[in-house]
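The values are calculated or read from the model by the stated rules, or taken from the named source; none is laboratory data. Remember, predicted model here, so these are calculated numbers, not experimental data. Using ideal geometry, Cβ is built from the backbone for each residue, glycine included, and neighbour counts are taken over all protein chains shown. Surface areas here come from the heavy atoms of the whole protein model, side chains and all, with no ligands, DNA or RNA. Shrake-Rupley method; radii C 1.70, N 1.55, O 1.52, S 1.80 Å.
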Amino acid sequence: MSTIRKITGQDKREVMDMMRVFYASPVVLTCGTDEIFESNVDSCVEGSPFLEGYVFEEAGIIQGYAMIARSFSTELGKPCVWLEDLYIKSEYRSLGLGKDFFEFVERLYPDAIFRLEVDTGNERAIRLYEKCGYETVPYLEMRKSAE
């Protein structure tokens with residue numbers, strides 16, 4: 001049985017390896033850099049108030065990772081949890097790890113609004129999210145990066 005636990009410093013190399021695969025895939029718009037990946041993992045390990053990281057593990061083998069970011073939805077007047085990254089190694093997909101993670105996070109933050117982004121071509125992920133109760137929101141996201 002898999003467990004979900006917080007990322008530790010000992011997980012850094014393996015989580016960064018998974019991030020490289022995830023961010024190089026066609027389901028993510030940006031490729032990321034090792035500097036960004038390292039900053040993300042370090043933020044999780046150091047206890048950032050904004051970012052949490054988790055690994056899925058069974059018998060000492062890491063099967064995947066996830067990261068969530070916390071914010072507040074003024075539109076809905078509640079805390080908001082952004083499901084930022086959810087990556088499961090190919091050999092561990094379709095075992096229920098994604099569903100388990102959603103249930104885990106919902107228990108951690110029972111009063112929160114949950115949001116995520118998904119590539120419209122990632123049908124497998126969309127099916128999972130819909131099974132977990134997520135629905136499409138008709139917003140156009142815009143962003144501007146700091147220089």
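Residues that are over 22 Å from Gly98 (Cβ atoms) and open to solvent by less than 40 Å² (accessible area, probe 1.4 Å) within the range 9-66 comprise Ser43, Ser48, listed in sequence order. Of the residues making up the range 85-93, not a single one is under 13 Å from Ile4 (Cβ atoms), in a strand (DSSP E or B), touching a residue at least 40 places away in the same chain (Cβ under 8 Å) and hydroxyl-bearing (Ser, Thr, Tyr).
For first residues located in the range 8-31 and of a type in the set (Gly, Ala, Ser), partners that are at pLDDT below 95 and open to solvent by 50 Å² or more (accessible area, probe 1.4 Å) and lie 6+ apart or on another chain with Cβ distances below 8 Å form the pairs Ala24/Cys31.
Here is a yes/no grid of residues against (1) under 27 Å from Ile62 (Cα atoms); (2) of a type in the set (D, E, K, R); (3) open to solvent by 50 Å² or more (accessible area, probe 1.4 Å):
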{"site": "Leu83", "(1), (2), (3)": "yes, no, no"}
{"site": "Glu91", "(1), (2), (3)": "yes, yes, yes"}
{"site": "Gly98", "(1), (2), (3)": "yes, no, no"}
{"site": "Leu108", "(1), (2), (3)": "yes, no, yes"}
{"site": "Asp111", "(1), (2), (3)": "no, yes, yes"}
{"site": "Phe114", "(1), (2), (3)": "yes, no, no"}
{"site": "Val118", "(1), (2), (3)": "yes, no, yes"}
{"site": "Glu135", "(1), (2), (3)": "no, yes, yes"}
{"site": "Pro138", "(1), (2), (3)": "no, no, yes"}
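Keeping to the range 67-77, report how many residues are open to solvent by 50 Å² or more (accessible area, probe 1.4 Å) and in contact with a strand residue (DSSP E or B) (Cβ under 7 Å, 6 or more places away or on another chain). Total satisfying the criteria: 4.
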